[in-house]
Amino acid sequence: MRTIFVLFDSLNRHALGAYGGNSVATPNFDRFARRAMTFDRHYVGSLPCMPARRDLHTGRLNFMHRPWGPLEPFDNSFATLLSGHGIYTHLVSDHLHYFENGGWGYANAFDSWEFIRGNEYDPIKVMTRPPVDRLRQEFDERHYPMQDLSDDRTVTRGTTAKDTWRRSRHAVNTLFMDSEDSYPTAKCFSAAFDFLELNKSADDWFLQIECFDPHEPFSAPARFKEAYQTGYNGKTLDWPLYEKVSDSPAQIAEIRANYAALLSMCDEYFGRLLDWLDREDAWSNTAVILTTDHGYLLGEHEWWAKNRMPYYEEISHIPLMVWHPEMGASSGTRTPALTQTTDLMPTILDFYGIETPAEATSHSLYDLLKGGHSNRESAILGMFAGPICVTDGRYTYYRFPVAHSGAPLPLYTVMPSHLSSLFSIEEMRSAELAGPFDFTKGTPVMKINMSPHVGESGLDCVANWGEGSCLYDLSSDPGQQTPIDDPETVERLCGEIVRHLVRHDAPKEIYAHYGLERFPCASAHT
C-alpha cells in the first residue's frame, strides 16, 4: 500500500469546479473528483496553519488547550506511527512555518523531508541591501510598504515593522523567480516526482506533497495570469492585509485574479501528478488524498483573508477528495457525511491496518470510502480563545466568549513557542505546573497566561466583532448573510459544543469563557 497526500494551503472550495465554482478553470481538480470520493461537508478543526497541522497529525483538536505551536512530546503523530509500523514516510514542502520556532516537530515526524525555499518571506537569496527604489516601482505600497526596515513604528495601517520586513522579503524573492521552474510549487512537484520515480516499484510508503500555494502572496508565472486579465494597470496587488475591504472595484478584481492565476498553477501541477499515476498504472495500489488546511476570504463578507472575523464558510468549509484502490462502486461519488480535518489521521492509519491511538477523538473515513456510514453528528472548530463554531451540516453557530475584555484564556503546553518566537520571559514567569490531561499520557503541562496581543489566537476576531454569538441556516442561507433567531437550535448546538469539549478534556476555564457552565456535564468536568 502506498499513499500520496497532497495538501495545498488556502485552497478555496467554492473556487473549484467540482464544488460548483466557475470563476477559475480547475480541470485537474475536477478530473480527480470524477475518480475519487468528493466530500461535500468537510470542515476545518483548529485554525490557522500550524494548529490545523497538529489536528491532522494527532486526530484531535488543538484549539481548546493552546494556540499556534510545535508538536508536543506526548502527541501521536500519524507520520511517526506509520514509520513505527514499517511504512516509510517522506515530506516535500515549501511551507516556511515548519522551520520557525512555532512549527518544530511536524516535519521531523517524517522519516525524511525536503524543504523548498522561497515562499512568502522565506528568502530564496539574501540581499542585505535590497533595491528598495526598484521594488517600490513594481509593488503597491498597500500590500508592500517599503519603509526603513529599522523603524519599529507602525508604518502603515494594520502593519508593523515586522510585517514590512516580511513583505519586503517576498518582493526580493520575486527578483529570483525568473522562470516557471523557479517558483516554489514547481520545485515542490519536481522534488515529489524525484521521490516517485525512485520508489515507484516499492511498497509501503507515504508521501506528503505540501504546497504553501495558493496562500498569499498570489504570485504566479505570467502564463497563468493571461487567462485572468482585468485591465488593471497599477502596481502589484497580491498580498491583502487581514482587514476590512476598502479597495476599489478594480483593485478587488485584480487581487481575485491573482488568486485565480495561482490556483490555476496549482491545478496544472496537480494534474501532472494525475498524469504520473496514469502512466505508471499506480491507481491500483496507491491511495491519493487532496485537501487544504483552511480557505480564505477574497472580499466576501467585506473582509480579506482570515483570523480576524468569524470563520465563515469560505474559511472553514474546505475541499476533500479521496481515492483508495478498494473503493469499488464509490469511485466518482459524493458524500454528504459531516467530516473534518482530524478525521484524516485515523483514516491514514486505517489504510495500513494500524490501530488508532486512544487519545484521538476523530472518525476514520475508510468505511465511508467503501460505501459505509459516518459516525459524526456535529463538529466544532475555531481558534484558541476566539469564538467556537459548531455545525451539524445544516446550521453553523458561532459562540463568542461572554466577556469581550480581551483577557485571554490560560494555555497549556510544554512547548511554549509563538509563530516565530519563543514565549517571552514575562509570559514564562506566569507559568505553573498543571494537569495532566487525558491525552498527555500522564505528563503534567505548563499553564501560562498568554499575552492578549498575540495575533495567532482568536482574540482579534473577538475584538473586531461586536454583534455577539450568531446562528446561520445553511439550507436557506448558504452565504451566511442573515443570522437567524432560533433559541431551541442554539441550545441544542451549545450542548454539542459541550459534548466535544468534554470529549477533548478541555480545561475548566473554557466553559466559563463561553458561558457554558450551566450544562451538567460541563460543571462536572474539571
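The numbers here are math on the coordinates, done by the rules we state, and not lab data. The model shown is predicted, which means the values in this text are computed figures rather than measured ones. FYI the Cβ positions are ideal-geometry reconstructions off the backbone, even for glycines, and counts take in every protein chain you see.
Tabulated values for the structure
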| quantity | calculated |
| --- | --- |
| Dipole of the chain [Lys/Arg +1, Asp/Glu -1 at C-beta], most positive-end residue of PHE99, GLY271, MET177 | PHE99 |
| Table column - 3J(HN,Hα) (Hz), segment 418-435, Karplus curve with 6.51, -1.76, 1.60, x for Gly and Pro | 7, 3, 10, 9, 6, 4, 5, 4, 4, 5, 5, 5, 7, 5, 9, 7, 9, x |
| Computed magnitude of the charge dipole of the chain (debye, nearest 20; Cβ of K, R +1, Cβ of D, E -1) | 340 |
| Using θ = phi - 60° and Karplus 6.51 cos²θ - 1.76 cosθ + 1.60, couplings along segment 15-23 (whole Hz; Gly, Pro as x) | 8, 8, x, 5, 10, x, x, 9, 8 |
| Segment 334-343 - phi-based ³J(HN,Hα) in whole Hz, Karplus 6.51/-1.76/1.60, Gly and Pro as x | 10, 10, x, 4, 7, 9, 8, 3, 4, 5 |
| Links that overshoot a 19 Å alpha carbon limit, given the list LYS125/LYS187; LYS200/LYS370; LYS125/LYS306 | LYS200/LYS370; LYS125/LYS306 |
| Simple spin-label estimate for ASP194 and SER451 in nanometres, 7 Å along Cα-Cβ | 3.9 |
| The chain - mean residue ellipticity at 222 nm from DSSP helices (-39,500 (n - 2.57) per run, n ≥ 4, rounded to 500) | -8000 deg cm²/dmol |
| Amide H contacts of THR89 (H built 1.01 Å from N, under 5 Å, at least 5 apart or other chain) | ASP111, SER112, PHE206 |
| Mean Kyte hydropathy of -0.5 or more with a Cα span along the axis of at least 20 Å, helices from DSSP in the chain | 184-199, 249-279, 487-503 |
| Burial order of peptide ranges 378-385, 76-83 (average beta-carbon count within 10 Å, highest first) | 378-385, 76-83 |
| Residues of type lysines that LYS441 reaches as a straight line, Cα spacing below 29 Å, ignoring anything fewer than 8 places off in the same chain | LYS508 |
| Kirkwood hydrodynamic radius (C-alpha pairs) into Stokes-Einstein, segment 1-69, 4 °C and 1.567 mPa s, D in µm²/s | 92 |
| Amide H contacts under 5 Å for PHE139, placed H, 5+ residues apart | THR236 |
| For segment 380-523, alpha-carbon Rg relative to the globular expectation (2.2 N^0.38 Å, N residues) | 1.13 |
| Between segment 446-467 and segment 216-287, the Cα center-to-center distance that results, in Å | 31 |
| Segment ARG129-GLN229, length gained on full extension (0.36 nm per residue, minus Cα span) | 32.7 nm |
